[in-house]
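The values are calculated or read from the model by the stated rules, or taken from the named source; none is laboratory data. Predicted, not measured: the structure shown is a model, and the values here were computed from it. Cβ placement follows ideal geometry from the backbone for every residue including glycine, while neighbour counts extend to all protein chains displayed. Keep in mind that these areas ignore ligands, DNA and RNA; they rest on the heavy atoms of the full protein, side chains included. Shrake-Rupley method; radii C 1.70, N 1.55, O 1.52, S 1.80 Å.
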Amino acid sequence: WAYPVSFFLFTPFWNSFMYLSVLEKFIYFFSAPAFMFFLKTYQQRRFFLFIFAALAGIFALISKETGIAIFMAFFLFSCFCAIFFRSYRKISIGLALVNGVGVCAYYFLIKSVISGYSSSYKGFSMPVIFWNLMHGPLIIKLLFALAVISAAHFCYKSIKSRDIADFFPALWPFFVISYLSVLSPWGYMSYLLAPLGPAVMGMFVPLYFN
């Protein structure tokens, strides 16, 4: 519900959405069902539900390469659950493997098949991401730091309570971290950042209920 609310809560969100390119709108819309079905996979412990999450993520990915951030967020989420939630370890390992292999396969695909468009990813590595983040706009540094702090908060809260439901909101900051990392070699143009609106808002939603 954070997605439609974000349109009308603040006028700039609506303006940003209206002036988005068509490709960013696909990421905006398809990331919502992707996240929903991914979390339902954990809630109901039924792996087949991930198929719907994957389909929604693939539609976002087909529209724009930055859609891969959805699967990166899934990978980070699954890795944490596999380590800290024993009762969900089997399904988490499966999801981590599927998403990890998918992200790596797509990376090598764009490097080989779409080599001209993906030339910025030559030498893409953690030092490159860190360097571009440190030399990016101040708002990007703050946004990345906020996402890391938010993810750490939900990690700590879920470990302390031993309730995986407390970890579900961490999917939002994981997506922000993944999306900013993917954009790192390209740069942080405003229209590329617009799909992060609901995710940034989602990081704060749990605070209003506590």
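Results, tabulated for the structure shown:
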{"quantity": "Filtered residue count, segment 38-57, keeping only those that are buried (at least 18 other Cβ atoms within 10 Å of the Cβ) and either over 20 Å from Ser87 (Cβ atoms) or modelled with pLDDT under 55 (or both)", "calculated": "4"}
{"quantity": "Residues of segment 72-91 that turn out to be touching a residue at least 24 places away in the same chain (Cβ under 8 Å) and open to solvent by less than 20 Å² (accessible area, probe 1.4 Å), as a count", "calculated": "5"}
{"quantity": "Of all residues in segment 159-198 being open to solvent by 30 Å² or more (accessible area, probe 1.4 Å) and of a type in the set (Ser, Thr, Tyr), the one that is farthest from the chain's Cα centre (by Cα)", "calculated": "Ser161"}
{"quantity": "Check on Lys25, at pLDDT below 90, out of contact with any Cys (no Cβ under 8 Å at 6 or more places or on another chain) and surrounded by fewer than 18 Cβ atoms within 10 Å (Cβ to Cβ)", "calculated": "yes"}
{"quantity": "Residue list for segment 146-158, filter: touching a Pro at 6+ places or on another chain (Cβ under 7 Å) and open to solvent by less than 10 Å² (accessible area, probe 1.4 Å)", "calculated": "Ala147, Ala151, Phe154"}
{"quantity": "Hits in segment 173-189 (condition: in contact (Cβ under 8 Å) with a residue 40 or more places away in the chain and not in a loop (DSSP other than H, G, I, E, B))", "calculated": "Phe174, Phe175, Ile177, Ser178, Tyr179, Leu180, Ser181, Val182, Leu183"}
{"quantity": "Filter result (assigned to a helix (DSSP H, G or I) and open to solvent by 60 Å² or more (accessible area, probe 1.4 Å)) within segment 131-145", "calculated": "Trp131, Met134, Leu138, Ile139, Lys141, Leu142"}
{"quantity": "Selection status of Tyr106, more than 19 Å from the chain's Cα centre (by Cα), at pLDDT 75 or above, assigned to a helix (DSSP H, G or I) and among the hydroxyl-bearing types (Ser, Thr, Tyr)", "calculated": "no"}
